[in-house]
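Here the structure is laid out as structure tokens; the discussion comes afterwards.
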Amino acid sequence: MPIRYCLAVVSCLWFVAAHADDQIGTEHGPPQSPRLASLLVALDRHEQSALDTFWKEVEEKHSPLIEEVPNHPHDALYTFLFRADPKADIVNARLGEDFPSRTTNHSDTFQRLGASNVWYTSYVLPKSSRIVYRIRVPQGLHPSPQSLVSWTIDGIQYEHFFDPLNPKVFPDTYAPLSYCVGPEAKPIPYLEKRVGVPNGSMEKLEIVTEILSGKRAVTMYTPAGYNNSSRPRAFVLVFDAEDYINTVGMPTMLDNMIARSVVSPVVVAFLHTPETRNEDLLPNAKFQAFIASELMPWIRKRYRISNDPKLNVVAGASFGGLAASYTAFIHPDIFGNVLSQSGSFWWSPSYLTDPTPSPNAGWMVKQVAESPRKPIRFYITAGSWESAGALSANRIIHSVLLGKGNKVDYSEVANGHNYANVQETLPDGLIALLGHESHK
């Protein structure tokens, strides 16, 4: 499943404002949030201005509320808010599987604060968290005329919207998301365009492929000053071009990182596979033949790139991370480095028909374990909120590679299976694999 669809279906924090006949939206005790607790006291005292003051604070500071947790210095209480008529039907919250939900069925509920128009749900999460989410309401309930996404669940048509109390947006290619960054989240220093930093060049081309019976689009990035030098450059092949270019912002990152000399100037091929992703990126002989026999000769004919696999990287996320690992595994003479971000190492060739959990899961892990060590360096990242199978598979392949003697960097971040995770972890991966020190 493409990671952009995982964002919409599995891996995000979802809010649901829904009509219901039961009592799951009633109070379950006092609020955890100190700010809401103080507001409730004021409302019980009939201090009518307290509610207006609270909503003005939210307009200034935005949702979610982020408060300290006693005796947990690295955690915070994140309280997400929804403003609704006190007379409206109850409001529910539904969470994706990768978020640390309070319930086994991932259907946590909003609570109303007393008899007010404040609905809330709170979670203790790391201060380093990055959270992407949307509000989902039954069609017609939200005042906005257009929704980002809509579909039917249990016979009810739902619409998805940004959180109206949070202006921060993550620009996902599939559908933008509301975005929350914890107070200790590591900054991404290379993300914004900077004055005085020369831009690399981008050119979208097409390659005719007999092996895959059709065409594939490739967007080529060349660093600033590329035309002024005849020296071959390090090379990166990246899967899921649209997402890495538009959502993650990798070209801008590269411009900034090259300008600051934290990575070597590189030529990058962003391979577009939106219509053929599940055929191309899942391990298969035809796609690997295309890479070795058609794509790489085509690129080498047009661009000055290194013949040294130690200077070449193949990268991707989700199925793209699986494909990157398999590509280097099959072609270590071309790619000596792998950047896998939330790689789908849980995958098996029969995953669509296997029961859950699959007895055949971890096909790539088995290939690595049962084969001689390949001369490949790995940088593997995963989100600590990804599904148990996905996270475990990343941890296992990390251990297997170490046992084989491969050099492996591994990191987990407080995030799920989404491109906010990819964006956060990409700079460190590029520095580890392309930094000047990495080639010594």
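The values are calculated or read from the model by the stated rules, or taken from the named source; none is laboratory data. Just so it is clear, the model here is predicted, and its values are computed rather than measured. Neighbour counts run over all protein chains shown; Cβ positions are idealised from the backbone, glycine included.
Say whether the condition of being in the same structural domain as Ala285 (by TED's automatic domain parsing), more than 24 Å from the chain's Cα centre (by Cα) and surrounded by fewer than 17 Cβ atoms within 10 Å (Cβ to Cβ) is met by at least one residue in the stretch 239-247.
no
From the list Val268, Val262, which one is outside any helix (DSSP H, G or I), within 20 Å of Leu191 (Cβ to Cβ) and out of contact with any strand residue (DSSP E or B) (no Cβ under 6 Å at 6 or more places or on another chain)?
Val262
Can you pull out every residue in the stretch 313-349 that is part of a loop (DSSP other than H, G, I, E, B), among the small types (Gly, Ala, Ser) and over 22 Å from His417 (Cα atoms)?
Once the filter is applied, which keeps residues that are part of a loop (DSSP other than H, G, I, E, B), among the small types (Gly, Ala, Ser) and over 22 Å from His417 (Cα atoms), the stretch 313-349 yields only Gly336.
Give the residues of the stretch 386-440 that are in contact with a His (Cβ under 8 Å, 6 or more places away or on another chain) and of a type outside the set (A, V, I, L, M), sorted by residue number.
Passing the criteria: Glu386, Ser387, Tyr410.
What's the total number of residues in the stretch 352-372 that are part of a loop (DSSP other than H, G, I, E, B) and touching a Ser or Thr at 6+ places or on another chain (Cβ under 6 Å)?
Result for the stretch 352-372: 3.
Filter the stretch 307-330 down to residues that are of a type in the set (S, T, N, Q) and within 13 Å of Ile376 (Cβ to Cβ) and give me whichever is surrounded by the most Cβ atoms within 10 Å (Cβ to Cβ).
Ser325
For the stretch 377-395, which residues satisfy the criterion of being surrounded by fewer than 23 Cβ atoms within 10 Å (Cβ to Cβ), within 26 Å of Leu434 (Cβ to Cβ) and either aromatic (Phe, Trp, Tyr) or in contact (Cβ under 8 Å) with a residue 24 or more places away in the chain (or both)?
Arg377, Ser384
Could you tell me how many of the residues in the stretch 181-205 are in a loop (DSSP other than H, G, I, E, B) and touching a strand residue (DSSP E or B) at 6+ places or on another chain (Cβ under 7 Å)?
4
Do you know which of the residues in the stretch 151-180 that are assigned to a loop (DSSP other than H, G, I, E, B) and of a type in the set (A, V, I, L, M, F, W, C) is modelled with the lowest pLDDT?
Applying the filter and picking the extreme gives Ala175.
Residues in the stretch 107-119 that are out of contact with any Gly (no Cβ under 7 Å at 6 or more places or on another chain), modelled with pLDDT under 90 and not acidic (Asp, Glu): how many?
Matching residues across the stretch 107-119 total 2.
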